Amino acid sequence: MSVTTATELSDKQQRILQYLRTHAATKTYFKSRLIAEELGLSAKEVGANMTAILNGDFDVKVEKWGYSSGTTWKVST
């Protein structure tokens, strides 16, 4: 299995990763729909693009955490 790097991310994936990097210091859990609202995407787009970040080797660690009221992601640095 190959590991995704930042240069291999699409524009949407890079925007999501940057959002997580910016907010991970003050927040641990993120809902797809709230990320989507901030970035002008749909919650479905966030979820679909989060997989590359989840499986990549980045300075933030992302875990799929919960599904009530939409998908929640646990992010740590």
* Asked: Pulled fully out, how much extra length does the chain show between Val60 and Ala43, if you take 0.36 nm times their separation in residues and subtract their Cα-Cα distance?
  -> 4.1 nm
* **Pairs of Lys in the chain closer than 15 Å at Cα, counting only those 8 or more apart or on different chains** => 9
* Asked: Simple spin-label model, 7 Å along Cα-to-Cβ: Gln18 to Thr77 in nm?
  -> 1.7
* Output the Kirkwood hydrodynamic radius of the chain, Cα pairs only, in Å rounded to one decimal. => 12.3
* Asked: How about the chain: which chymotrypsin sites (Phe, Trp or Tyr not before Pro) there are in a DSSP loop, with at most 11 other Cβ atoms within 10 Å of their Cβ?
  -> Tyr67
* Asked: Which residue fluctuates the most in the chain, going by a Gaussian network model with Cα springs under 10 Å, if the choices are Glu63, Glu45, Glu37?
  -> Glu37
* Structure fact -> Output for the stretch 1-73: trypsin sites (Lys or Arg not before Pro) sitting in coil per DSSP, at most 14 other Cβ within 10 Å, listed by number, reads Lys27
* What is the set of long-range amide H partners of Gly56 at a cut-off below 5 Å, with H atoms built 1.01 Å from backbone N? -> Thr4
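Using just the helices of the chain, give the 222 nm mean residue ellipticity in deg cm²/dmol: DSSP H runs with n ≥ 4 each add -39,500 (n - 2.57), and the total is spread over all residues, rounded to 500.
When only DSSP H runs of four or more count, the value is -13500 deg cm²/dmol.
Computed from the coordinates by the stated procedures, all read-outs in this text should not be read as laboratory data. Just so we're clear, the structure is a prediction, and the values are computed from it rather than from any experiment. All Cβ positions, glycine included, derive from the backbone under ideal geometry; neighbour counts span all protein chains shown.
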